[in-house]
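Participant: A single structure is presented below for examination.
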Amino acid sequence: MDVLHVPVLADVFTAWVDVQDLVYHRCIEDNPSAELIHKQQSLHTARQAMSLSSTFGSSTRAANDSTRILQVLAALMQSVPLSLPGPRGPRLTPKSTYSKLPRPDREKHPYALRISPSDGGRFPPRSPREVLEEFRNHEGLRAVGLNWGTECVRREGVRIWWLAFSTEDALRKFHESVQGDVFEGTALDAVLDFRETDLRAYLRVRPRIVVSKPPQ
C-alpha cells in the first residue's frame, strides 16, 4: 500500500528513508572503490549480498516486499557483512553448431572458413559439439558445422570442418594459427568459405590473407 494514498498515515512517519540509498552508502563504507558499485542495488541483490534467506517465496506481493525491506534494515543495523557480486563482463554471443555444412554465404556468414586434412583424408570422428569445444577458446568463434547426419560419417569421420567468426580480424588470426598446424598427427589446410566470385573480390580489397580455392 502506498502511504501517499492514505495521507493520515503520514502523521506516524518522521522521515522518508530509501533502503537502496542505505545499502549504497554501506557499500561505499565497505568498498572504497565505489566506481564498481551501482547506486541502485536492488532489494534482491542486497539480500543476496547479506546472505539473507527467504521463507516467503519469490512473490512480489506488498506484504512480502515489506518483510524483505525489514530484513535488509535489520541486517544493516546489525552490520551484517556485504558481499556484492563483481561487475558483469561483456555479454557472450551464443555459439551455434550445424550437423550439415552450410553453403558459402557472404551475407549470412561473411567470416567463415573450412579446414581439412592436407592429405585429403578424414578427421577422427568428432561431433559438431566436440569440434566446437576443441576451438572454443579462439577469439570470435561463432559457429561450427560438419556433415554429421549418417552412421558412416559418425564412424569414419568427415573431410571438412566449417567454422564461422564474428570479425575479419578473428578470422585472419584463426587462419594464420591453423594453416599448416597439426591435429592428432594430421596436418591441416584452411580455405576461406567463399564462392569463387566472392573470393576474387575479397582478395582484391583484402590481400592480407593467403587462401586457396575452396574445395568443390
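The values are calculated or read from the model by the stated rules, or taken from the named source; none is laboratory data. These numbers were taken from a predicted model, which means no experiment stands behind them. Glycine gets a Cβ as well: all are built from the backbone with ideal geometry, and neighbour counts include every protein chain shown.
Participant: If you scan segment 131-157, which residues turn out to be more than 15 Å from Lys173 (Cβ to Cβ) and of a type in the set (Asp, Glu)?
Facilitator: Matches in segment 131-157: Glu133, Glu134, Glu151, Glu156.
Participant: Also, I was wondering about something else. Just give me the residues in segment 171-187 being touching a residue at least 60 places away in the same chain (Cβ under 8 Å), more than 12 Å from Asp119 (Cα to Cα) and outside any helix (DSSP H, G or I), in sequence order.
Facilitator: Within segment 171-187, Phe183, Glu184 qualify.
Participant: Could you please find all residues in segment 135-162 being acidic (Asp, Glu) and without any contact (Cβ under 8 Å) to a residue 12 or more places away in the chain?
Facilitator: Selection gives Glu151 alone.
Participant: On to the next question. Just name the residue that is modelled with the lowest pLDDT out of those in segment 67-80 that are in a loop (DSSP other than H, G, I, E, B) and either surrounded by fewer than 10 Cβ atoms within 10 Å (Cβ to Cβ) or of a type in the set (Ser, Thr, Tyr) (or both).
Facilitator: The residue in question is Ser79.
Participant: Restrict the check to segment 121-129 and report whether at least one residue is in contact with a Leu (Cβ under 6 Å, 6 or more places away or on another chain) and outside any helix (DSSP H, G or I).
Facilitator: no
Participant: Hey, among Val158, Val144, which residue is among the aliphatic types (A, V, I, L, M), assigned by TED's automatic domain parsing to the domain that holds Val191 and not in a strand (DSSP E or B)?
Facilitator: The match here is Val158.
Participant: Moving on to the next point. Among (1) within 20 Å of Ser127 (Cβ to Cβ); (2) part of a loop (DSSP other than H, G, I, E, B), which single condition is Glu139 missing?
Facilitator: Every condition holds for Glu139 apart from (1).
Participant: Filter segment 105-151 down to the residues that are under 17 Å from the mean Cα position of the chain (by Cα) and hydrophobic (A, V, I, L, M, F, W, C), then identify the one that is surrounded by the most Cβ atoms within 10 Å (Cβ to Cβ).
Facilitator: Val144
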